[in-house]
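The values are calculated or read from the model by the stated rules, or taken from the named source; none is laboratory data. What you see is a predicted model; the values in this text were computed from it and never measured. Counting neighbours? That spans all protein chains shown, and the Cβs are built from the backbone with ideal geometry, glycine included.
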Number of protein chains: 2
Amino acid sequence: MPTQPVVFDQLQTLVAWLKVLAEPRRLQIFDLLMQGVQCNCELGEQLQLAPNLISHHLSVLRQAGLVDMERDQVDGRWVYYSVNLAALQALNATFGAFFHPARMQQRQPTCGPQSTLLTLDTIEEVFE
Amino acid sequence: MPTQPVVFDQLQTLVAWLKVLAEPRRLQIFDLLMQGVQCNCELGEQLQLAPNLISHHLSVLRQAGLVDMERDQVDGRWVYYSVNLAALQALNATFGAFFHPARMQQRQPTCGPQSTLLTLDTIEEVFE
DNA sequence: ATTATACTTCAATCGTGATTGAAGTATTTC
DNA sequence: GAAATACTTCAATCACGATTGAAGTATAAT
């Protein structure tokens, strides 16, 4: 029985991130925040989306640690949102590692007729 | 009004991929296929999942172009699945580009009190 | 204090997609 | 040709999450 290629926890973390980002509006919001700090109303105007929806999506992004929030020092009614750089770096590194083409391996199925075919890799084992 | 940072189509494509992969079982299946060719039954045994579910997830992965399918030449009842290398490369490149930390930019909100504060970038424009 | 603004939270509805179980298909073996 | 195997497709249920609308909160202006 082959060992599990990626640790379960890593996979769960990756799925959590993917779930958060696999939503058009949310990905757009994230993308807009890559352009720099923005407030709810700016995002809403650009995406033609109601403020409560923006707020909701931002909270999801925030819970995932992908986005930071900061209240205005002068007028506390305003809230500014930005991408969390550390999270972005972690995200990028994890994605890059997981989906790196070099991780792909050669392997024959262990069941079906193919499993009995000899490959260049296994043929030497037979003669031992 | 700022220009849209990423073209809508690109974003949709990315979301489509993310949706497909943002599912624990599916990501596990994809991860297992990174180890090499496998058939339905092998995957099912490793994940303790019914064959029809495996089949369903594989068809989703296949529709997204991420996974290829091949019938056994000797015994056509057996079907082998593998990761599509070109798709993996495209995926990796797109993710890498989108989530690259270097894409992050400095920007001040255009509304709220912050918008009236002068920055080093904008202060020279004022004197023109 | 009262009102207005900017945003957040809550409750309810709606839709998409995961899961389940059963029927269907393709292929090989007897 | 009939039975068996490996897998696929279909129909139905279930659950999670997006959306909506309304109430709630925090802050500032009057």
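Scanning region A:15-51 for residues that are under 14 Å from the mean Cα position of the chain (by Cα), within 8 Å of chain B (Cβ to nearest Cβ) and among the hydrophobic types (A, V, I, L, M, F, W, C) returns A:VAL15, A:LEU18, A:LEU21, A:ALA22, A:LEU27. Of all residues in region B:72-99, none satisfies the criterion of being modelled with pLDDT of 90 or more and of a type in the set (Lys, Arg).
With respect to being within 9 Å of another protein chain (Cβ to nearest Cβ), more than 9 Å from DNA strand D (Cβ to nearest atom), surrounded by fewer than 21 Cβ atoms within 10 Å (Cβ to Cβ) and over 22 Å from A:ASN92 (Cα atoms), B:GLN73 fits the description. When A:ALA102 is tested against the conditions (1) more than 7 Å from chain B (Cβ to nearest Cβ); (2) more than 23 Å from B:ALA102 (Cα to Cα); (3) within 13 Å of DNA strand D (Cβ to nearest atom), the lone failure is (3).
Cβ-Cβ below 8 Å, separation at least six or inter-chain, first residue in region B:34-52 and in contact (Cβ under 8 Å) with a residue 40 or more places away in the chain and of a type in the set (Gly, Ala, Ser), second away from DNA strand C (no atom under 15 Å from the Cβ) and outside any loop (DSSP other than H, G, I, E, B): which pairs? From residues that are in contact (Cβ under 8 Å) with a residue 40 or more places away in the chain and of a type in the set (Gly, Ala, Ser), the pairs are B:GLY36/B:SER82.
Test of understanding: among A:VAL60, A:VAL83, A:VAL20, which residue is touching a residue at least 40 places away in the same chain (Cβ under 8 Å) and closer than 29 Å to B:MET34 by Cα? First the steps, then the outcome.
Details: A:VAL60 fails: closer than 29 Å to B:MET34 by Cα; A:VAL83 fails: closer than 29 Å to B:MET34 by Cα.
Within the list A:VAL60, A:VAL83, A:VAL20, the selection yields A:VAL20.
Residues that are in contact with a Leu (Cβ under 6 Å, 6 or more places away or on another chain), at pLDDT 90 or above, under 27 Å from B:LEU18 (Cβ atoms) and surrounded by 11 or more Cβ atoms within 10 Å (Cβ to Cβ) are absent from region A:102-121 altogether. Residue selection: A:GLN12 satisfies the criterion of being within 19 Å of the chain's Cα centre (by Cα), among the polar types (S, T, N, Q) and modelled with pLDDT under 90.
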